[in-house]
Structure formats: structure tokens, C-alpha cells
Amino acid sequence: MGKIISVHSFRGGTGKSNITANLAVSLARLNQRVGIVDTDIQSPGIHVIFGLDQGETIEQGYALNDYLWGNCAIEEAAHDVSHVLNSAEAAGDGRLFLVPSSLKTSEITRVLREGYDVGFLNEGFQQLLEVLQLDYLLIDTHPGLNEETLLSITISDVLFLILRPDKQDFQGTAVTVDVARQLDVPQMLLVVNKVPRSYELESLKEQVSNTYNATVAGVLPLSEEMLQLASSGIFCLHYPSHPFSLTIKSMVEQIRD
Amino acid sequence: MGHPGHSTESDDQEAGLQHSAAQTDHWEDAEPSDGNQGGSNPVRSNPARSSLSEPQPARSARTNSPIDILSLPAEQRQLMNWILRQRQATLKEITDKFQQAPEALQPLLSDLVEQGFLTLEQDGEQSCYCPRLQRKPQRRLSEQLWQKLDQG
């Protein structure tokens, strides 16, 4: 059975979706079968990074919402986005699937209005692992603590907690770390993202690790190139030698069996 | 950068099941005990699995969300966390995992069933504990507002 990896942060704007996409691509490039589920139903976005906002749109296929309403099996909502890998890699065993959340206003408001059975999510994750024969299933979560994110954290083998070097992020992350410990997450890894150049990375890593008594998997620099890419692609494919991409690679090594 | 927030270990983290050393010598698979069966599992039904009994209205009507797991005592929370990851588990699987005698775990599991966190269901010839979680109802907004959003 494959591993479930949740990528979460207490506050929004920490770069969860970008990190999720880059982790997923890096794993797929190692010939792994990887799935991503966008459980940020209230404010979905990771589909943009994979180009599903152009050409093949979400509207043309099923989304996570359709599964939650019982309109399709969850694997039918999985879009094969292996095309983002370069041709040589795509010819290998690595595969990449994305289950997006719907961007239709009516779908988002329906979730807000009616809610859904969170048990379906758990069933759906397991179904994806089995049917798509995934080695890894990455869950891009909604920021903060709510029922869905708690469920995602509970059933995860690995939890990446993303924070920025910011007082609000630090305090919120302390709450999340505490909750994750109560939920017995087998492997919890902190990631500091969007770190300005003026910071001494190793010192920051040590400070964060000591503060939370947890492993810091990586410290990712704030980069001009990332801002320029503006979610229009997978950063580590565009800039494979960039410190961000190298840190992602190191994070992948920490979660491999 | 200012001082980051402090991390606090859960007070009862050390008091959990992993620290119990009671060894399981022999056991039997979960048998429904009187009055402890929950209602039907809201998770999409597995055709091979059927609820063992009719729901008890006073207890099984209660719905718990993942947030409610956090308010459980440490031992029961650890049981719930693990069973959630497994999707379902027999008493043997649970006693093997936590290295405790069935008679030590059975009351905790029965209480979780009674509280509506678990159901005891038949999967083939085995009785399995299955998580039973639901999303809490949302706060109500004006129907007019929803209609407006739907039109959008």
C-alpha cells in the first residue's frame, strides 16, 4: 500500500500547493506512481500549476466534488497529468494523477451549504491508492484546522507542515504541531518556505527545529524566479539546479522508504 | 524575526497505549457485546460488510467529526487514530498493534461504539471495528444568500 502525505499549513499563502506539486513531480521523476488530491474545496488552485486551467479544463471532466456527491468513482476524477514530466521521464514508470476540486461557484457553495461526509474522503484516498496503484498520494489541504484537514492529518503517513518566517505562522504552527502529535502522525516534517535572502538558513533551521522539537525537512528560499513563474508551471522542472529544487529533492529523499 | 510560538507536547501523550506492556496470550475476534453496537456506517458501504445490529437511537444518532477525536482520552484517541488509518480492524489486529489483552481493550472499544465513533460490522466471517465520522452541519446562512450564490 502506498503512502499518504499531507501538505498543510496553519495559515494561507505559505506555498502549500507549489510545494505539493514539486514534491509530486520529483517523486514521479523517480519512477513512482503519484496522485494528488486538492482537498482545498473552498479555494482550489493546484490545478493551475498543472495547466488544467487551459486546454483540458476541470469542467470537461470530473472533480473531487463529483465524487463527494456520488456522481463518479474517485478514480474517474483523477486527471493524468504525466505530460508535465519531460518525454524521457514520461516514458518511464512514473505517473502523475491529479484530482482537482471544482472551480464552479455552485459547487463551492454547495459544499459550504450542505457539507459532505468526511468518511467519503478517507474511502476515496484508499480507493485511489488501490485502483491507480499509487506509491504516494499527496493531499493538498485547506489551511487551518477543520474537519477535513484533521482527517487528512490523521490518516497520513507523513505530514509536511509549511510555515513562513513570520510570527503569526510560528504561533499557528505550534497549535498544528500539538494537534498532529495528538493524532499520532507517524512522520511530521516542518518546512520553512519563502525565506528572504537575509536569513542564515542553517541557523533558522536549527531555531525552528528546537522550537517545535521536530525535524525540519527543508528551508526554502524566497525566490524571484518563483514569483516570475507565477504558478504557470512546475518550478523544479524549470529550474532544476535552483536551491528550491535541490531542497525539494532532499525532502523527497527523507520520505522515501 | 521575533520569537516563534512555543510547542507544547500533549499532556497525555505519554499516557497512551504504546506504553502499556500487558501482553496478549490469546484472544477472540470481536464479539458484539450487549448494548454496544452502533448504527450503520455512513461511509460508502462495502457489500461484503454489514452492520451487526440495529442502531440504538439514543447513542447511534450522535455524529462525531474528526475534531471530536481530539477530545477523547489518550488511549481511545490512539485507538481511533490507528483504526482510521486502517479503515477497519478486528479485535485481534487491534490487540496485536497495541500489545494489550482483549479484555483491556474491549471496554474502550465498546465505549467508542457507544459514543458513535465506531461501528462493529461483519466483514465476511470477521467482525470489524469501522470508523464512523461525519461532517458537522454548517452554520446556517440566509436562504436568499445561497440562492444568490447559486445564480452566480
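The values are calculated or read from the model by the stated rules, or taken from the named source; none is laboratory data. Because the structure is a prediction, the values reported are computed rather than measured. Cβ sites come from the backbone with ideal geometry, for glycine too, and all protein chains shown count toward neighbours.
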Just give me the residues in segment A:165-179 being in contact with a His (Cβ under 9 Å, 6 or more places away or on another chain) and either facing chain B (nearest Cβ under 8 Å) or surrounded by fewer than 24 Cβ atoms within 10 Å (Cβ to Cβ) (or both), in sequence order.
A:K167, A:F170, A:Q171, A:A174
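Conditions (1) in contact with a helix residue (DSSP H, G or I) (Cβ under 6 Å, 6 or more places away or on another chain); (2) crowded, with 20+ Cβ neighbours inside 10 Å, marked per residue:
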position: A:M188; (1), (2): yes, yes
position: A:N193; (1), (2): no, yes
position: A:P196; (1), (2): no, no
position: A:E202; (1), (2): no, no
position: A:T215; (1), (2): no, no
position: A:L220; (1), (2): yes, yes
position: A:L227; (1), (2): no, no
position: A:S232; (1), (2): no, no
position: A:Y239; (1), (2): yes, no
Unmet requirement for A:A214, which otherwise passes all of (1) within 13 Å of chain B (Cβ to nearest Cβ); (2) at pLDDT below 95:
(2)
Residue in segment A:196-203 that is at pLDDT below 95, more than 9 Å from chain B (Cβ to nearest Cβ) and touching a Pro at 6+ places or on another chain (Cβ under 6 Å) present
no
Count of residues meeting criterion [of a type outside the set (D, E) and in a helix (DSSP H, G or I)] in segment A:92-107
2
Go through (1) more than 10 Å from chain B (Cβ to nearest Cβ); (2) at pLDDT below 90 for A:T105 and report which single condition fails.
(1)
State which residue pairs qualify: first residue farther than 17 Å from B:F117 by Cβ and surrounded by fewer than 18 Cβ atoms within 10 Å (Cβ to Cβ) and inside segment B:77-104, second residue modelled with pLDDT of 95 or more and of a type in the set (S, T, N, Q) in any location, beta carbons under 8 Å apart, and separation of 6 or more residues or different chains.
B:A101/B:T95
Residue satisfying condition, being buried (at least 23 other Cβ atoms within 10 Å of the Cβ) and over 15 Å from A:T14 (Cα atoms), within set A:I108, A:I162, A:I153:
A:I153
Checking A:G119 against (1) at pLDDT 90 or above; (2) closer than 21 Å to A:S156 by Cα, only one condition comes out false. Which one?
(1)
Turns out the helices (runs of 4 or more DSSP H) fully within segment A:108-201 with at least 1 residues that are in contact (Cβ under 8 Å) with a residue 60 or more places away in the chain and hydroxyl-bearing (S, T, Y) are A:147-154, A:167-182
